[in-house]
Amino acid sequence: MIELYAIAQRPGPPLPDIAPLRELACGELGAICGTAAEESEITEDALWRHERIVEAVMETRDLLPVRYGTRFAGDEQAVDVVAARSGTLKAALERVRGAVELSFRVRAREPDVSIDVHASLQPLARESMTRPAPDEGELLRAAYLVERDRVPEVRDEVARLQHEHPELSLLLTGPWPPYSFVER
Amino acid sequence: MSTAIAEREVALVDLVDRLLAGGVVLAGEITLSVADVDLVYVSLRALISSVPTAEQGALPRMGSAL
Amino acid sequence: MKDKVLHRPPDIELFASERPRLDNALTRRIGADPENLERGLAQLVLTIVELLRQLMERQALRRIDAGGLTPEQEERLGVAFLELSRRMEELKDEFGLEDDDLNLNLGPLGNLL
C-alpha cells in the first residue's frame, strides 16, 4: 500500500530525505507518496510524522496537502485517481501558489467582549475563512492563506493587536500547508 | 500547565483540525465481487456527484467488470 | 510541536484546555456523542451496504439470465447472497435498526429502498 502525502506541480526540486518518498508522474502533476505503515494509526506521533514530511516538501515547493490516511493499493491506482482530477487539482494549486496557511484563535479574558480583530488581519491575507468556535469562550477561529513572505507581517500585526487589546487572548500558529484552502 | 506543554497541545489542536478535516480528499474506485465473481464497478466519485443528474437518465456507471 | 506557535498569549494554557483526545476530535467533528456515534455510523454503513447488496443482486441476476456464468459460479452466487441477506439481518438486529432506518432520501429519485 502506498500513502499519499501531497500533490505538487511537475517538474519540481528533489524530494527531501526526511523519509523514503517517491513522486509519481500524473501528467503535469506529481503525487508525492511513500510506503504506508502496516496500520493506519491515528496517534499524535503518527500525525506529526506525517505532517513533518509534508512540511519538509513544502519548504521548497508549493503543494496541496492530502487528507491524512489517503492510501492506494499501488502506484497505478494513485496515478489514475490523481490524473482523473487533474483539472480541479491544477486549479487548486494555482489558488495556493506561493502561500501558506496560518491558524488564528481568539479568546476573551473578560465577559462581554466583542472586538473584530479578524478585520485587521483579513487585508494581509490572500484568502481567509472562519470556523464555528467549539465553545463559548472562543471568539474567533480563523485560517488565513498568506503569501510566504508576508508571514512575519501577520505575526507582527497579531503582536500589535495583542498589545492593544489585553482583554483578548490571541494565538497564531503556522505556517501550515494550505489544508483549509484546497477544496472549493 | 507549563508553556511548553501548552504549546504542544495547542499545536496538536490546530494540526488535527487540518490533517483530519482538511486537505484534498480523493475518492477511490472499488470493484465489488461476490463469490469471486466481479459484479459491480463503482466509481465513488460518480456515485457521489451524479445523483442530482441521475433523473436525466444518466445513472452512475454500474456495469459489470469483465 | 512548539515551533508552530508564531504568537502566544500570556495565558496560552486557556487554548490547551481543548486538548483533543483524538477520538474526541473525531467525535466532535461528526457532532455526536460516542454512543449515538456508533449507531449513527452503523446506520450509514448498513444503508450503503444494503444499496450495494441490492445492486449486486440485480447484476448477478442479469448475468445469470445472460447465461455468462458456469453452474458452479451461479451456485456460489446464490449461496453468497443468501449469506449476505442473513448477515444484514443480524447486523440490523445488533444495532436495533429496522428496514425503515436504512432508507436514504435521494431527492428527485425518491427513496432508496
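The values are calculated or read from the model by the stated rules, or taken from the named source; none is laboratory data. Small disclaimer: the values here were computed from a predicted structure and weren't measured. No Cβ is skipped: glycine too gets one built from the backbone with ideal geometry, and neighbour counts run over all protein chains shown.
Scan segment A:74-106 for residues that are closer than 25 Å to A:L121 by Cα, more than 10 Å from chain B (Cβ to nearest Cβ) and acidic (D, E) and the total you get is 1.
Can A:S120 be described as in contact with a strand residue (DSSP E or B) (Cβ under 8 Å, 6 or more places away or on another chain) and not assigned by TED's automatic domain parsing to the domain that holds A:L64? No. Set side by side, the residues C:L6, C:L41, C:L37 differ, and just one is under 30 Å from B:V10 (Cβ atoms) and at pLDDT 80 or above, which is C:L6. With respect to being assigned by TED's automatic domain parsing to the domain that holds A:D45 and either surrounded by 18 or more Cβ atoms within 10 Å (Cβ to Cβ) or farther than 14 Å from B:D14 by Cβ (or both), A:V82 fits the description.
Okay, residues lined up against (1) within 19 Å of B:V24 (Cα to Cα); (2) out of contact with any Leu (no Cβ under 7 Å at 6 or more places or on another chain):
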{"site": "A:I32", "(1), (2)": "yes, no"}
{"site": "A:G87", "(1), (2)": "yes, yes"}
{"site": "A:F104", "(1), (2)": "no, no"}
{"site": "A:E138", "(1), (2)": "no, yes"}
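With the condition kept exactly as written, say whether any residue in segment A:116-136 is surrounded by fewer than 15 Cβ atoms within 10 Å (Cβ to Cβ), part of a strand (DSSP E or B) and touching a residue at least 12 places away in the same chain (Cβ under 8 Å). Yes.
Of everything listed in (1) out of contact with any Ser or Thr (no Cβ under 7 Å at 6 or more places or on another chain); (2) under 20 Å from B:V16 (Cα atoms); (3) crowded, with 20+ Cβ neighbours inside 10 Å, the single unmet condition for A:L4 is (1).
Within segment A:7-33, restricting attention to residues that are touching a residue at least 60 places away in the same chain (Cβ under 8 Å) and of a type outside the set (D, E), which residue is surrounded by the fewest Cβ atoms within 10 Å (Cβ to Cβ)? My answer is A:Q9. Selection over segment A:159-184 of residues that are among the small types (G, A, S) and assigned to a helix (DSSP H, G or I) gives a count of 2.
For segment A:34-71, taking the residues that are hydrophobic (A, V, I, L, M, F, W, C) and modelled with pLDDT under 90, the one that is surrounded by the fewest Cβ atoms within 10 Å (Cβ to Cβ) is identified as A:A37.
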